[in-house]
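Contents: one structure, followed by commentary.
Values quoted throughout were computed directly from the atomic coordinates according to the rules given, and no laboratory measurement underlies them. For clarity, every value in this text was computed on a predicted model and none was experimentally measured. Cβ placement follows ideal geometry from the backbone for every residue including glycine, while neighbour counts extend to all protein chains displayed.
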Amino acid sequence: MIIGTIRRYFLYALLLTGVNSVYAQQLDSISGRPGVSFRGLSVVNNRLFWLSGTRGTVGRSTDGGKHIQWLPVKGYENRDFRDIEAFDAVTAVIMAIDSPGLILRTYDGGASWQEVYRDHHSGVFLDAMSFRKGRGMAVGDPIDGRFYLVGTHDAGKSWQKLQPPMPVPDSGEGCFASSGTNIVQLKKGGFAFVTGGPSSRVWNGTDMQKLPLMEGRSSTGANSLAVHGKRWIVAGGDFTRDTVAHQHILVSNNRGHTWFVPEQPTTGYRSCVTAISKRKWIACGTSGVDVSTDGGNTWKNIGLTGYHVVQRARRGKAVYLAGNGRIAKLRW
């Protein structure tokens, strides 16, 4: 009774002083790995996450980041694993960019890896993967006038290249392998992905639609797409000018058919955005981290340290971030 009264009094005092809950967010640093750029991150539950990056690096923690087991991918020490999807503590899929395009799978917690997809085609450059249950999709830069798409129906054990018709790119248009989040498997089937470069667009499941986002250069455009029900949010900008004031965030309330620029956008280029809940969202990039408590309409910066990727636990509420040698956990 007394504790409840004190708690109510404290909350009332916060309201009187005008303290907004957005100031309560904090990033707790986790021991990372210097010299490695992490762009792949998969958070299974509050305590279990996997991450991947340069120098053939894969890491796994089963205790919320207190300890991270580094898992060398033998024979692939020079590859850059830009995305990872973990299904549990022993099963995960990793994706290597550039030619040859590679996807590998482990069945034993990273002790060994098996190639499940390889493409030596000139110009192959895989950008990101997305899974929903056992169904998965990977997107790559355009080849022969079509976006490169491969899919799996058995949790990544086997992959098949999608046959035409596939979306057609504009001149110079491509995808960014910034955070493994520019493609999303949709709940009701199908997929969506975003592009950048001279033209920035979104495939919303039916057609390619222009995005009112920073574009026009090879370094500009959409980097990340996050979906929560009907609300879709896109993050991007220009990674070569990460603090330039411009459109870095877009919001859609109708599954990607129309978009608007937030009243108060993020403070710079953002390579990744993810939903924590219907109203709580987080975005990160090389110039910092921002959060929103109103569904993406306004954003508040909570740190200037750069991170490439942020993900919420699929089964739980924990949120982790990773970047250049560093890892962190969001305390909300």
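Sort Ser31, Ser199, Ser130, Ser179 by Cβ crowding within 10 Å, fewest neighbours at the top.
Values: Ser31 10, Ser199 19, Ser130 23, Ser179 31.
Ascending Cβ contact count within 10 Å gives the list Ser31, Ser199, Ser130, Ser179.
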Lys317: which lysines have alpha carbons under 25 Å from its alpha carbon, excluding same-chain residues fewer than 8 sequence positions away? Lys66, Lys133, Lys187, Lys188, Lys230, Lys278, Lys280, Lys300, Lys329
Any chance you could give the angle, 0 to 90 degrees and rounded to 10, that helix 2-16 forms with the longest Cα principal axis of the chain? 80
If you build a Gaussian network model of the chain, linking Cα atoms that sit under 10 Å apart, which residue out of Val234, Val44, Val244 swings the most? Val244
Candidates Asp88, Asp294, Asp141; GNM for the chain (alpha-carbon contacts under 10 Å) flags as most fluctuating Asp294
Normalised by the residues of region 26-331, what does the relative contact order come to in percent, with Cα pairs under 8 Å and at least six apart? 15
Translational diffusion of region 26-331, µm² s⁻¹ [Kirkwood Rh, Cα pairs; Stokes-Einstein; 37 °C; 0.692 mPa s]: 175
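Over region 58-194, what is the relative contact order in percent, taking alpha-carbon pairs closer than 8 angstrom and at least six residues apart? Don't skip to the end; give the middle numbers.
Details: 296 pairs, mean separation 23.4, N = 137.
Relative contact order comes out at 17 percent.
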In order over region 242-253: 3J(HN,Hα) from phi, Karplus 6.51/-1.76/1.60, θ = phi - 60°, whole Hz, x for each Gly or Pro, gives 6, 10, 5, 6, 6, 6, 10, 9, 10, 10, 10, 9
Gain in length, Lys161 to Thr240, computed as 0.36 nm per residue apart minus the alpha-carbon separation, to one decimal in nm? 25.2 nm
